Structure formats: C-alpha cells, structure tokens
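Taking it in order: structure first as structure tokens, then the write-up.
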Amino acid sequence: MTNLVMGFSTNAAENSLQIFARSLRKVYRPDECDIVIITNTFEPYFVDLGRLGVRFVPTPNNYSKLTGKLSKSLNRATLLTLRAIEPLLRRQAPEIADAYRVLIETWHHPHFVRWFAYERFLELNQQYENVMLADVKDVVFQAPFFDASSTNEVCLCDQGLQYGKTYWDTKWYRDAFGEEALQKILGRSPLCIGTMMGPHAAVLGIVRELRIEFGKRPFHRIEQAVFNHMLFERAFDTPYNVLPNVTGPIITLCDDDIIDKFTLVEQSICRALDGTVAPVVHMYDRNDKFKRGIETAFVP
C-alpha cells in the first residue's frame, strides 16, 4: 500500500513548498508515497510540482493577515451563533447545521481549519497504509521515516522542552487555561502539533478528535496549547506514542540548545554527535545556516 504525506498551505512562500515537495520526492518515489498539499490558490510553479506527483486539493479558506476588523467581527458572530443553536439545527435543519464546518474552514485561522480539511480528505481516501501530517512552511525530508511508524498508534513528537522554562509554550498554555492549570504541568514537555504520523485509521482518529474540539471552542486559544491540554487531561481516545526529539526520526529545532546538537553536512542536517542524517527536520528555518543549505539543495 502507498503512504501519504499531507500538509495545509495558504499564504505560504514558494520556497517552503518547493522544499517540502522536492525533498520528500527525493526520499520516496511516487509509487511509495503520495504528496497532498491542501491550498486555496493556484500558483504557476504548481505545474512543475505536479510533474513530481504532488496533488493539490482545494480548501475554501480565505483567512489572511489583511482580514479586516469588520470581517472578523461578522464571521465570529456568525460562527458563535451557529454553534450555540447547533442542537436545534441538528433536529430541525441539519443541512444548515452542516454549514458550520464549511464556514469555519472558510473564515478561521489555518492552524485550526486544517484539521477540518485533513478529516475530509482522510475520510474520502482510506487507501493509505501510513499517513504523516506536517507543516509545509518549515519541514524538510532527508531520509526514509515511515519505518518508524507504529502499527496501531499515532506517533507524536516531543520537543525536548519544559513548561515553565520554554517561553512560548508556557505563555500559550497560561493564556488558554490559566495560571492554576499551568502550575499542574510545570516541568512536563510540550508535544509538537506540527508533525505526526501513523496508520491511516489512527491518524484519522486523532484528526477527528482535534476537529471536534476546535469546532466546539474555536476562539481565544493557540492550537498547540489546546493539543497539549487534551493530552494532559487524557482527552484523546486515539492511542499514541511519543517519539523523542534529537534521537528520533522527526526532529524539531525549537530551541538553541537543540539546534546546537545538529550540524550541516553537504546540505543535509545531521546529528553532531554521530553524523547521522535526521530523517525529518521541523523548523529548519530557525537557523540561518541550515536554511541556506536546505534552500540551496531544493529550491530551483
């Protein structure tokens, strides 16, 4: 069976998509792995990526940094109203209730709506053995990685950080759930929502659980904080295991101390300790030397 790597990309830079697609195609042939990029606009260079077997799937999402205050206020009021009366709509006007998912995917931030798009695609395309979901903006593929996939669990990625010491994850969690909730998880490591993989059924399961959560409470929280809160609260029914950072198959360069454990060898990001190539690298663009090397290797 074929595997799948899928990402969601709206308003992304061309270099990011070129690196994502071209690096993956150097690792897996088209008969081994499909590449699906969910996007909202056509770009001329998609033609060349299509020749590599990249499949572009549409999303109605039209969110951008330029979205005005009036639009944000109106779409928020509409979404919250639909959400509040959903039980009534389910009984008396189910076709209107179904529109909520379409509208939230159209209007909301890509970090949240990608789970709606992922679920739709995976429900309709169940022929894949393994699936990886990855950020298009800052992921590069360097060596085979699906052999590390579990047989019945989603593989999630540890960042090698700690709540209370890492600034952004700590801030996001406190802002979303309050200081008291944060105190309960100090010292624990946040997992990264930007990369995950596993068998099709398990990935679809966790995608659906995330989509339901984001659909219930779509505002005022960063998705990574919500994701980790669900993990800490044992809210997921989908089984999962955790891959370590640095030594695992999926590396997240989320901190200077972690970046220092890697080096660039002939345009590949490798572990400094033993020179082994990191199969998947997330956040490669956080280091200028790594970014330049990767762009030299994969940007036409």
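The values are calculated or read from the model by the stated rules, or taken from the named source; none is laboratory data. Remember, predicted model here, so these are calculated numbers, not experimental data. Virtual Cβ from ideal backbone geometry, glycine too; neighbours counted across all protein chains shown. Only protein heavy atoms, including side chains, enter the accessible area calculation; ligands, DNA and RNA are left aside. Shrake-Rupley method; radii C 1.70, N 1.55, O 1.52, S 1.80 Å.
Couple of notes before you dig in:
- Selected residue (criterion: least open to solvent (accessible area, probe 1.4 Å)) from residues of region 202-236 that are of a type in the set (A, V, I, L, M, F, W, C) and without any contact (Cβ under 8 Å) to a residue 24 or more places away in the chain: Met230
Yes/no matrix, rows are residues, columns are (1) out of contact with any strand residue (DSSP E or B) (no Cβ under 9 Å at 6 or more places or on another chain); (2) of a type outside the set (A, V, I, L, M, F, W, C):
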| position | (1), (2) |
| --- | --- |
| Gly198 | no, yes |
| Arg208 | yes, yes |
| Ala225 | yes, no |
| Ile269 | no, no |
| Ala278 | no, no |
| Val281 | no, no |
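- Residues of region 141-191 that are buried (at least 20 other Cβ atoms within 10 Å of the Cβ), among the hydroxyl-bearing types (Ser, Thr, Tyr) and closer than 23 Å to Glu129 by Cβ: Ser149 alone.
- Any strands (runs of 3 or more DSSP E) falling wholly within region 188-300 and containing at least 1 residues that are within 20 Å of the chain's Cα centre (by Cα), within 29 Å of Lys165 (Cβ to Cβ) and not acidic (Asp, Glu): 191-199, 240-243, 250-252, 280-282
- Test: residue in region 119-129 that is without any contact (Cβ under 8 Å) to a residue 24 or more places away in the chain and open to solvent by 20 Å² or more (accessible area, probe 1.4 Å): yes
- Test: Leu273 is open to solvent by 40 Å² or more (accessible area, probe 1.4 Å) and at pLDDT below 95: yes
- Checked against (1) open to solvent by 80 Å² or more (accessible area, probe 1.4 Å); (2) in contact with a helix residue (DSSP H, G or I) (Cβ under 7 Å, 6 or more places away or on another chain), Leu82 meets all criteria but (1).
- Tally, over region 256-276, of residues that are out of contact with any helix residue (DSSP H, G or I) (no Cβ under 9 Å at 6 or more places or on another chain) and closer than 23 Å to Met197 by Cβ: 5
- Test: residue in region 41-48 that is buried (at least 17 other Cβ atoms within 10 Å of the Cβ), under 21 Å from the mean Cα position of the chain (by Cα) and not in a helix (DSSP H, G or I): no
- Residues in region 86-106 that are open to solvent by 50 Å² or more (accessible area, probe 1.4 Å) and within 14 Å of Gly215 (Cβ to Cβ): Pro87, Arg90, Asp98, Arg101, Val102.
- Annotation: of all residues in region 1-36 being under 14 Å from Val131 (Cβ atoms) and of a type in the set (Val, Ile, Thr), the one that is surrounded by the fewest Cβ atoms within 10 Å (Cβ to Cβ) is Thr2.
- In the condition set (1) out of contact with any Leu (no Cβ under 9 Å at 6 or more places or on another chain); (2) in contact (Cβ under 8 Å) with a residue 60 or more places away in the chain, Thr195 is compliant with all but (1).
- Filter result for the condition that a residue is without any contact (Cβ under 8 Å) to a residue 40 or more places away in the chain, among the basic types (Lys, Arg) and out of contact with any Gly (no Cβ under 6 Å at 6 or more places or on another chain), over Lys72, Lys26, Lys65: Lys72
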